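S.K.: The structure under discussion is supplied below as structure tokens; questions concerning it will follow.
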Amino acid sequence: MSAGNFWPLIARFQAREARFGARMQHHRVSAFIYEFLRFGVKQAWACLFGGALLVLIVATHYVYPRDAFLSRYDFLFIAALTIQCLMLSFRLETLDEAKVILIYHVIGTAMEVFKTSVGSWIYPEAAFFRIGGVPLFSGFMYASIGSYIARCWRLFDFRFEHHPPLWALSLLCVAIYLNFFSHHYMVDLRVLLFIGSAFLLRKTWIHYHIWHTHRRMPLLLGLFLVSLFIWFAENLGTWAHAWAYPHQAAVWSMVSFGKLGAWFLLLMVSYTLVAWVSKPEQA
């Protein structure tokens, strides 16, 4: 189904885009360039919520008044909530996407409350809208990941080969989520969870539509690449002092590469939530 059926704003440009694409497809080089650019535009649309939030996080680090009546964290919370409402009002986001965002916001915030209580990271600034040591804008950072996957699912018309049963993925994700808490008190089962993820997805290929045809890649590779970009975004967030890990207390340094594994596991949880809503279709 065309993405214009979900997002009316896209529908306004479909006819012009189709005419432009028809001109570009006559030559191999121009067709390649056009498909590459089309991929980039689709990715930008999928990142709309997360990208807007990341821009606000970085921008407020430089321009938000330190003595403002409303704290920076509270401004980010209200801004994120406003963006969410505007996206729904202007139909830039579907209700299904909003459901995923809400669920992931809740489970992300719950994990944040625990992680900050045990000193895994801190939010150094003051906030009125907070639970424990966690300002409420942080839940939107997790929610933006679910939003991205849900939007990509429609934009790229995902199809799958050998997709594992959702019940099996769900059991794995329950174990992943619990391990984020339990590894502070018992053996970290992260290696087993990586093995479990690789086993379940070992044969799974994702087919994605950029232009005329579906291309494909191993789903594991796709999830790793998304995890890598989340890790880059996290480095921007800590550089903008939105939160900080213990090793960044005195001076900023890059987030450890080991966090990439944590993001991959968390992405497995987000992917599974979206899969329950979007229902994987056979290629």
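S.K.: For the chain, what is the relative contact order in percent, using Cα pairs closer than 8 Å and at least 6 residues apart in sequence? Provide the component values of the computation, followed by the final result.
M.R.: Working: 324 pairs, mean separation 63.9, N = 283.
Worked out over the chain, it gives 23 percent.
S.K.: Same structure again: Taking the alpha-carbon centroid of each part, what is the distance from region 36-103 to region 158-231 in angstrom?
M.R.: 25
S.K.: Can you give the FRET efficiency for I195 and D96, using 1/(1 + (r/R0)^6), R0 = 25 Å, r = Cβ-Cβ distance, to the nearest 0.05? Intermediate values should be presented prior to the final figure.
M.R.: Numbers: r = 32 Å, r/R0 = 1.27.
So, using R0 = 25 Å, E works out to roughly 0.20.
S.K.: On to the next question. If you line up the long axis of helix 72-89 against the longest principal axis of the chain, both from Cα atoms, how many degrees apart are they, to the nearest 10?
M.R.: Roughly 30 degrees between the two axes.
S.K.: Given H placed 1.01 Å from N in the peptide plane, which residues other than close sequence neighbours of R216 have an amide H under 5 Å from its amide H?
M.R.: Y208
S.K.: Further, regarding this structure: Shape verdict for region 47-278, please, from the Cα gyration tensor: rounded (a/c under 1.5), prolate (a/b greater than b/c) or oblate.
M.R.: Details: a/c = 1.89, a/b = 1.31, b/c = 1.44.
Since a/c reaches 1.5 but b/c is at least a/b, the shape of region 47-278 is classed as oblate.
S.K.: Next up: Can you list the lysines whose alpha carbon is less than 18 Å from that of K99, not counting same-chain residues fewer than 8 positions off?
M.R.: Leaving aside lysines fewer than 8 places away in the same chain, those within reach of K99 are K279.
S.K.: Sticking with this structure for a sec: Within a Cβ distance under 9 Å of H162, other residues only, what is the Lys/Arg minus Asp/Glu net charge? Let's see the in-between values first.
M.R.: Working: positive: R202, K203; negative: E161.
Here the count lands on +1.
Since every read-out is calculated from the coordinates, none of them should be taken as a lab result. What you see is a predicted model; the values in this text were computed from it and never measured. No Cβ is skipped: glycine too gets one built from the backbone with ideal geometry, and neighbour counts run over all protein chains shown.
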